[in-house]
Amino acid sequence: MSQLFQPLKLRELTLKNRVIVSPMCQYSAVEGVVQDWHTVHLGQMAQSSAGMLILEATAVEDAGRITHGCLGLYNDAQEARLSELVALLRDINPRISLPICIQLGHAGRKASSHKPWETGMQIPLNEGGWVAKAPSAIEHHEGELSPEALTVDEMAALKESFVSSVERSQRAGIDAIELHCAHGYLMHQFLSPVANQRSDEYGGSLENRMRYPLEVFRAMRAVWPADKPMGVRISASDWDASSSWDIQESSRFSQLLEEAGCDWIDVSSAGVSRNQKIDIGPGYQVHFAHAVKSVVDIPVMAVGMITEPEQAEGIVAEGKADMVAIARSFMYNPRWVWHAAAKLGATVDAPVQYWRSSPAEAGRVFGDAPIGQR
């Protein structure tokens, strides 16, 4: 019996399998508002038969967007359009009942950037850019305009922005939330000494560097319904020998998140240091997930070049992680889960309109497909 296709319960939310559609930034919003592209893109993902769909990184304030094309959830127009999209994703195929999660975050010093296909570099102020905010006034790339260091009062106000976005997520019908503490964005910047060189209670020691992300998470958890899950994506390592933010510090952070009511840890890596040296290969981050799993009692999600069904099955079956999150492979093949089920002898729920699509040699992939035809 495939372990990848076993259900998993997160509070009162039950995932039908352990395959997660990872957040994929599309850089296609207008003023933070969902567009037709998102409907088409996420419509495919919502019919993937995965265990859960995580929407792309969504900013909690205007200045927290990575690019002008990033989604936001900090005003009524954004909330209204997101609510419409969530309702559409549910209504288009209610029998799949795919849980929808949103990843909330803030770009910090990586804000005010061009879209990746437009160089991805920082946008100058005279070309529509804005001054980024960060733990410390340290630029991400040499030669960029330095961010302004957040004051304690600004941090308190920003925490309330996260809380407001959580409340908007609830009204929009979202099932779960993931706080983005990875990839060199604001929460990761607080955690890493590469970007955090503060001299107050939010900088220096590991305890101090973890303080603000934990405060934000606790504030978010406090207003999110008790029956709905909330997880966190972390960068387990800076891949920089000069940085202390590594798997040991990440493991301690994960333990404190668990104590604060976190329901899963999504383990990625890198993104904060321009000197990072990453050893990339298939499943190159799975060992980080395995290490975190050894010190917490909540589910752990593995990510990073997980492309083959047998590979994903092995990660879960061997106890290295409880879930696998996939992004690029879903863009290449939105039916990845169907193919995995065929290979692993499992069944999935799928749109009845596609019941004849299963190849004969794959057997009964769709759990309750209709039989017969006119």
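For this structure, a couple of remarks:
- Oblate is the label for the stretch 256-324. Its Cα gyration tensor axes, ordered a ≥ b ≥ c, give a/c of at least 1.5 and b/c at or above a/b.
- Only DSSP H runs of four or more residues enter the estimate; each adds -39500 (n - 2.57), and after division by the residues of the chain the mean residue ellipticity at 222 nm equals -9500 deg cm²/dmol.
- For the chain, the Cα gyration tensor yields ellipsoid semi-axes of 34, 23, 19 Å (square root of five times each eigenvalue, largest first, whole Å).
- Computed Kirkwood radius, in angstrom, where 1/r is averaged over Cα pairs of the stretch 125-192: 13.9 Å
- Carbon-plus-sulfur accessible fraction, the stretch 288-366 (probe radius 1.4 Å, protein heavy atoms only): 52%.
- The stretch 286-334 and the stretch 24-55 have Cα centres spaced 22 Å apart.
- Selection of trypsin sites (Lys or Arg not before Pro), the stretch 94-143, meeting DSSP coil and at most 13 other Cβ within 10 Å: R95
- Over the stretch 225-374 - Rg/Rh using Cα atoms and the Kirkwood inverse-distance radius: 1.07
- Overall form of the stretch 19-64 per C-alpha gyration tensor (a/c, 1.5; a/b vs b/c): oblate
- The share of Cα pairs per 5 Å bin across the stretch 58-105, counted from zero up to the longest distance, runs 5, 20, 24, 22, 15, 10, 4, 1 percent.
- Accessible-area value, H339, 1.4 Å probe, nucleic acids and ligands omitted, Å²: 110 Å²
- Radius, Kirkwood style, for the stretch 94-169 when every pair of distinct Cα atoms is counted (Å): 14.6 Å
- For the residue pairs K16/K228; K293/K343; K110/K133; K159/K228; K293/K320, alpha carbon separations beyond 18 Å are given by K293/K343; K159/K228.
- Antiparallel DSSP beta bridges within the stretch 1-148, percent to nearest 5: 35 percent
- Across the stretch 109-119, rounded Karplus estimates of 3J(HN,Hα) from the backbone phi angles (6.51 cos²θ - 1.76 cosθ + 1.60, θ = phi - 60°) give 6, 8, 6, 6, 10, 5, 4, x, 7, 10, 5 Hz, Gly and Pro being marked x.
- Pair-distance profile P(r), taking every C-alpha pair of the stretch 100-221, with 10 angstrom steps and integer %: 13, 41, 33, 13, 0
- A317/I278 FRET efficiency (R0 25 Å; Cβ-Cβ; nearest 0.05): 0.40
- Axis angle, to the nearest 10 degrees, between helix 76-91 and the longest C-alpha principal axis of the chain: 20 degrees.
- C-alpha long axis of helix 206-223 to longest principal axis of the chain, angle in °: 50 degrees
- Computed about the Cα centre, the dipole magnitude for the chain is approximately 1040 debye when only Lys and Arg (+1) and Asp and Glu (-1) carry charge, each at its Cβ.
- Per residue accessible area in Å² of the stretch 85-244, where ligands, DNA and RNA are left out and the probe is 1.4 Å: 38 Å²
- On Cα atoms only, tilt of 152-171 relative to the major axis of the chain in degrees: 20 degrees
- Scalar couplings 3J(HN,Hα) for the stretch 5-12, obtained by applying the Karplus form with A = 6.51, B = -1.76, C = 1.60 to θ = phi - 60°, are 9, 8, x, 9, 9, 10, 6, 9 Hz; x denotes Gly and Pro.
- Loop-located trypsin sites (Lys or Arg not before Pro) in the stretch 237-315, at most 13 other Cβ atoms within 10 Å (DSSP): R274, K277
- Carbon plus sulfur fraction of accessible area for the stretch 1-94, probe 1.4 Å, in percent: 54 percent
- Three-way shape label, the stretch 2-105, alpha-carbon gyration tensor, a/c 1.5: prolate
- Three principal axis lengths of the stretch 231-285 [C-alpha, angstrom, descending]: 33, 25, 15
- Considering all C-alpha pairs of the stretch 178-229, those separated by over 13 Å amount to 58%.
- The antiparallel fraction among DSSP beta bridges confined to the chain stands at about 10%.
The values are calculated or read from the model by the stated rules, or taken from the named source; none is laboratory data. Bear in mind that the values here come from a model prediction, so they are computed numbers and not experimental data. Glycine gets a Cβ as well: all are built from the backbone with ideal geometry, and neighbour counts include every protein chain shown. Keep in mind that these areas ignore ligands, DNA and RNA; they rest on the heavy atoms of the full protein, side chains included. Shrake-Rupley method; radii C 1.70, N 1.55, O 1.52, S 1.80 Å.
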